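**Q** Structure below; questions to follow.
The values are calculated or read from the model by the stated rules, or taken from the named source; none is laboratory data. If you're wondering where the values come from, they're calculated on a predicted model, not measured in any experiment. Glycine also receives a Cβ, built like all others from the backbone with ideal geometry; neighbour counts cover every protein chain displayed. Quick note on the areas: whole protein, heavy atoms, side chains included, nothing else; ligands and nucleic acids left out. Shrake-Rupley method; radii C 1.70, N 1.55, O 1.52, S 1.80 Å.
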Amino acid sequence: MKDLRIFALVLLVVIVYVPIVGLVVKLAALPNLFELIKELLEDPSLYRVIRFTYSQAAISAAISLVVGLPAAYFFSHYNFKGKELLRNFTMISFILPSILVVLAMIVYYGQQGLFSRTFGIGTFIYSYAGIVFAHVFYNFSLSIRIVGGTWEKLNERLVESAYTLGDSKFKAFFRIELPLLWPSIAYSWLLAFLYSSLSFAIVLVFGGVSYNTLEVFIYTLTRRLNMEKAHLLAFLQLLFSFFFILIVNRFSSRSEQTSKAFTTSRAVPLVYERKKAVKILLVLYFAVLLVLFGGPLLNLFWRSFVPRGEAGFVTLENYRSLFGSRVERVLGTPLWQVFINSFLLSGTSSLVSVWLAYILARHYPKLRPWFLVPLGVSMMSYGFGVLVTLKSWMPPAILMLFTQVFIAFPVVYSIVSLGVEEINPEYREVAATLGSTESEITRRIYLPLLRPALQSAFAYGMALSLGDLTGVMLVGEGRFVTFTVALYRLIGHYSFPEGTALGTLVSILFIILFVFIESGGGKKSNAQDR
Amino acid sequence: MLKIDNLVKNYPDFRVSVDFSVSKGEFFSLLGPSGCGKTTTLRLIAGLEYPDSGSILLEGEDITKLPPQKRRFGLVFQDYALFPHLNVEKNILYGIAKENKAYQQKRLQELLELFRLEHLQKRSVRNLSGGEQQRVALARALAPNPQVLLLDEPFAALDPSLRESLREELKQLQERLGLTIVFVTHNQEEALSLSHRIAIMEKGIITEIARPFEVYTKPKDRDSAAFFGRTNFVKLKVTGGAVQWGTISLLLEEPITDGEYLFSVRPEYIGEGKGVEGVIVSSSFLGFGVLYAADTAYGVLYFLEFAPSTIKSKGSRVELGLSVKNLAPIREEEQDS
């Protein structure tokens, strides 16, 4: 038992820390490091990339917040039929792979897209605005979840006390609610900022040559074999992302503190009168959300049944073509192989993550902050670390697995450790006095009690791994084709009919995973946009 | 001063229907088990909810439709609902922020002194003890000089030992400032010790309104009697203004017509004496006295012995007497319930 614990700890260190430390050590060992730094600092493109990365992230995060806040308000103040369904619907965009969002946006907002044709406007997606829009699409649900979560639990007696002390609703909002919601608002902005700044797939496709985030810039340099510069930038990115995650964590705990200390499960039912104006606003708001954000996904499903040039005629032609030889040439591998790759990689990595998370959460609770380090490391920095540190002495399949565990582990660990914390430690002691051995305690006490958390964690881990494009592209070097790589290649070859078919299949898979995550009651943790 | 006139609030599975009035300077309690509708009544008075019918009159003026902001009622919740982002001083000043600075400062000093909070003036409310939080909540509610103070179980979140001393403080405060208070509680002791009058609420309606002494010693019905702790329900015959207690007959303070009546007799009104023989079946030592249960011709009777020299053992024989002080029959129609 003890050996197993130590093995788990060592494995995690190898997966998480060796590449990160390796990245830094190998960089320090470069003989021309100072020239490289000088050269980089004099390169105007670096400043352009940094400016773009953080300016678009700040704007995307601000708009995401503004778009999500009305929903946060409605969900926390009104009860209406279909509320849960609607809430889940707004959450789905957050867990979908970003390359799928890209595809859905192209077929909806692109030159030939339904939206562009219906409203007779040109496409805007291959621009600064397009990138921001895609990030809003991706992140607007964060504020619904974070701010709405706090708002929903806000002790309504605070507001009622303000009323009895003479405040109008408007005044009470600014004097009581807003100050208490502030940490959650800041936290949700910061999280959206972090995700948008680490964005890869969206910027890779929509940014073209004009717009690069640091992640895309590093990737492009790697592809051009400018490895030393890429190495230095990967290190810089490591510093940036770590700095931001520290700030995010500060606000996360402040947001949680407010949540915990001054909220309650509502003792009094919501009694807010539903005025007609409110109803109209509610319907209008969600209708706009549906057209702007639901539209691309619904259109994707619809388009997958409509072959090229035969609008309105429903067939399975795109699906047949998806499994045909043309797609095989585009992907460089048969589609069935893509399915096997994707499921094998995501399933194994999620399983390994859940196992590691369980052992580490139970036996090393004090090391918790160290296990969450991957959250603060950009995928590009980590991937580069793997390439310079482990590539020479490990087979590519293992490296791929490591990358995916790195992606899945922190979220899986958050869910599992939360579950472990909730189990009364006295159960273990009572079971021991009743004669149970450690392995029996695991089997008869912990696993049954943790089942919902484990289910949630496994599904979430799988979703994160399946959605990853950065890791597979960088570490897999294009030889290992998963769903996201396949979608990326189909987009690159303008094979949109087949793309919509694959996109629909992947969406269905993600909806199933989402149901598993939700029904397991798993907390949606700080999953990074990879 | 405050008249609650046939106020009705309907919920899908519950209905609150109340009618009472509170005089100026009165400490009025709504007492009942949880879920009986007392908090809803308080929320209706505060204007946080609106009734389906009936009206609320303050000094003769109809305020039923007035929003809470305009009522000038102070409200203290069970969990105090102190604003967590404001310190003690700012919490207290919250309701008088529109007044001029000089007045605010004067009022603040008065209240800090009244509630002995001077040393906590700048302290965050997150770091206060339960008793301190309660004092801040009271000071905040009183700052705008409310016409009526509404208290919703303000002692429920406190330790029992603290509860007693704060109860005493509240009573003194109410008398000193002549406050009109509507107090909601499920704790009989609190209601008895604080109130001028108590309304007993059950299942959304008020079953009885009376002074604490009366409600305790001469409850109207079985439920009211049982609500205030242990009591003996005994059927006794009354003839010629005297009640038959075993072998003896005792003259009642207030004569009633002949017949058989159900009486609620508190354990402290029965003690060793003459009339009824019994055998001790159990004893509980309570510190200040011993509560015995004795098997008698009337069934098991509970009686209290204060300052005992020793504790009687199980099986010992006793003869019990009855004090006729405050003895009055309880409502006839409830006798069989």
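**Q** Taking A:GLU160 as the residue in question, decide whether it is in the same structural domain as A:LEU100 (by TED's automatic domain parsing), touching a residue at least 60 places away in the same chain (Cβ under 8 Å) and of a type in the set (Asp, Glu). Spell out the reasoning first.
**A** Details: in the same structural domain as A:LEU100 (by TED's automatic domain parsing): yes; touching a residue at least 60 places away in the same chain (Cβ under 8 Å): no; of a type in the set (Asp, Glu): yes.
No, not satisfied.
**Q** Of these, B:PHE155, B:PHE77, B:PHE73, which one is touching a residue at least 24 places away in the same chain (Cβ under 8 Å), within 12 Å of another protein chain (Cβ to nearest Cβ) and in contact with an Asp or Glu (Cβ under 7 Å, 6 or more places away or on another chain)?
**A** Numbers: B:PHE155 fails: within 12 Å of another protein chain (Cβ to nearest Cβ); B:PHE73 fails: in contact with an Asp or Glu (Cβ under 7 Å, 6 or more places away or on another chain).
Result: B:PHE77 is the single residue among B:PHE155, B:PHE77, B:PHE73 that is touching a residue at least 24 places away in the same chain (Cβ under 8 Å), within 12 Å of another protein chain (Cβ to nearest Cβ) and in contact with an Asp or Glu (Cβ under 7 Å, 6 or more places away or on another chain).
**Q** Those residues that are more than 21 Å from B:TYR292 (Cβ to Cβ) and open to solvent by 70 Å² or more (accessible area, probe 1.4 Å), I need them from segment B:250-277; list them, please.
**A** B:LEU251, B:GLU253, B:GLU254, B:PRO255, B:THR257, B:ASP258, B:GLU260
**Q** Here's a follow-up. Given the criterion touching a residue at least 60 places away in the same chain (Cβ under 8 Å), at negative phi and of a type in the set (Lys, Arg), identify the matching residue among B:LYS38, B:LYS9, B:LYS3, B:LYS65.
**A** Working: B:LYS9 fails: touching a residue at least 60 places away in the same chain (Cβ under 8 Å); B:LYS3 fails: touching a residue at least 60 places away in the same chain (Cβ under 8 Å); B:LYS65 fails: touching a residue at least 60 places away in the same chain (Cβ under 8 Å).
None of the other options fit; the residue is B:LYS38.
**Q** Out of A:TYR47, A:TYR73, which single residue is free of Cβ contacts under 8 Å to residues at least 12 places away in the same chain and of a type in the set (Ser, Thr, Tyr)?
**A** A:TYR47
**Q** Can I ask one more? Looking for whichever is open to solvent by 30 Å² or more (accessible area, probe 1.4 Å) and of a type in the set (Gly, Ala, Ser) here; the options are A:SER161, A:SER168, A:SER241, A:SER199. Which one fits?
**A** Details: A:SER161 fails: open to solvent by 30 Å² or more (accessible area, probe 1.4 Å); A:SER241 fails: open to solvent by 30 Å² or more (accessible area, probe 1.4 Å); A:SER199 fails: open to solvent by 30 Å² or more (accessible area, probe 1.4 Å).
One residue alone meets the criteria, A:SER168.
**Q** Counting only residues that are touching a Leu at 6+ places or on another chain (Cβ under 6 Å) and within 21 Å of B:ILE205 (Cα to Cα), which one in segment B:48-74 is surrounded by the fewest Cβ atoms within 10 Å (Cβ to Cβ)?
**A** B:GLY54
**Q** Report those helices (runs of 4 or more DSSP H) wholly inside segment A:104-195 carrying at least 2 residues which are within 14 Å of chain B (Cβ to nearest Cβ). Don't jump to the end; show me each part of the working.
**A** On the way: elements: A:114-119, A:128-153, A:156-164, A:169-172.
Answer list for segment A:104-195: A:128-153, A:156-164, A:169-172.
**Q** Report those helices (runs of 4 or more DSSP H) wholly inside segment A:312-390 carrying at least 2 residues which are among the aliphatic types (A, V, I, L, M) and either surrounded by 14 or more Cβ atoms within 10 Å (Cβ to Cβ) or in contact with a strand residue (DSSP E or B) (Cβ under 9 Å, 6 or more places away or on another chain) (or both). Steps first, please.
**A** Working: elements: A:317-322, A:325-331, A:335-363, A:368-371, A:379-389.
Helices (runs of 4 or more DSSP H) meeting the threshold: A:325-331, A:335-363, A:379-389.
**Q** Do we find a residue being modelled with pLDDT under 60, over 25 Å from the mean Cα position of the chain (by Cα) and either part of a helix (DSSP H, G or I) or within 14 Å of chain B (Cβ to nearest Cβ) (or both) anywhere in segment A:280-301?
**A** As a first pass, look at segment A:280-301 and keep what is modelled with pLDDT under 60: none.
Within segment A:280-301, none of the residues are modelled with pLDDT under 60, over 25 Å from the mean Cα position of the chain (by Cα) and either part of a helix (DSSP H, G or I) or within 14 Å of chain B (Cβ to nearest Cβ) (or both).
**Q** Just checking, which of B:ALA328, B:ALA293, B:ALA307, B:ALA297 is under 18 Å from B:PHE233 (Cβ atoms), open to solvent by 70 Å² or more (accessible area, probe 1.4 Å) and not charged (D, E, K, R)?
**A** On the way: B:ALA328 fails: open to solvent by 70 Å² or more (accessible area, probe 1.4 Å); B:ALA293 fails: open to solvent by 70 Å² or more (accessible area, probe 1.4 Å); B:ALA307 fails: under 18 Å from B:PHE233 (Cβ atoms).
The match here is B:ALA297.
**Q** How many residues, within segment B:226-247, are at negative phi and at pLDDT below 85?
**A** Taking segment B:226-247 first, the residues at negative phi are B:226-228, B:230-239, B:242-245, B:247.
If we keep only those that are at pLDDT below 85 as well, we get B:226-228.
Summing the residues that are at negative phi and at pLDDT below 85 in segment B:226-247 gives 3.
**Q** Still on this structure, I have one more. In the set A:ILE59, A:ILE15, which member is open to solvent by 70 Å² or more (accessible area, probe 1.4 Å), assigned to a helix (DSSP H, G or I), touching a helix residue (DSSP H, G or I) at 6+ places or on another chain (Cβ under 8 Å) and in contact (Cβ under 8 Å) with a residue 12 or more places away in the chain?
**A** Numbers: A:ILE15 fails: open to solvent by 70 Å² or more (accessible area, probe 1.4 Å).
Checking each option against the conditions leaves just A:ILE59.
Rundown of residues vs (1) within 23 Å of B:ASP159 (Cα to Cα); (2) open to solvent by 40 Å² or more (accessible area, probe 1.4 Å); (3) more than 14 Å from chain A (Cβ to nearest Cβ), yes/no style:
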| site | (1), (2), (3) |
| --- | --- |
| B:ALA102 | no, yes, yes |
| B:GLN105 | no, yes, yes |
| B:GLU113 | no, yes, yes |
| B:ARG116 | yes, yes, yes |
| B:HIS119 | yes, yes, yes |
| B:LYS122 | no, yes, yes |
| B:LEU128 | yes, no, no |
| B:GLY131 | yes, no, yes |
| B:ARG135 | yes, no, yes |
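**Q** Just checking, does segment A:231-253 include any residue being modelled with pLDDT under 90 and either within 14 Å of another protein chain (Cβ to nearest Cβ) or not in a helix (DSSP H, G or I) (or both)?
**A** no
**Q** Which numbered condition in (1) closer than 24 Å to A:SER507 by Cα; (2) without any contact (Cβ under 8 Å) to a residue 12 or more places away in the chain; (3) not acidic (Asp, Glu) is the only one that A:LEU114 fails?
**A** Just one mismatch for A:LEU114, condition (2).
**Q** Collect the residues in segment B:181-217 that are of a type in the set (S, T, N, Q), buried (at least 21 other Cβ atoms within 10 Å of the Cβ) and assigned to a loop (DSSP other than H, G, I, E, B), keeping them in residue-number order.
**A** Within segment B:181-217, B:SER195 is the sole residue that qualifies.
**Q** Now, a different point. How many of the residues in segment B:10-47 are within 14 Å of chain A (Cβ to nearest Cβ), in a strand (DSSP E or B) and open to solvent by 30 Å² or more (accessible area, probe 1.4 Å)? Working first, answer last.
**A** Taking segment B:10-47 first, the residues within 14 Å of chain A (Cβ to nearest Cβ) are B:10-14, B:16, B:34-35, B:37-47.
Next, only the ones that are in a strand (DSSP E or B) stay: B:10-11, B:14, B:16.
With open to solvent by 30 Å² or more (accessible area, probe 1.4 Å) added as a condition, the list becomes B:10-11, B:14.
Residues in segment B:10-47 being within 14 Å of chain A (Cβ to nearest Cβ), in a strand (DSSP E or B) and open to solvent by 30 Å² or more (accessible area, probe 1.4 Å): 3 in total.
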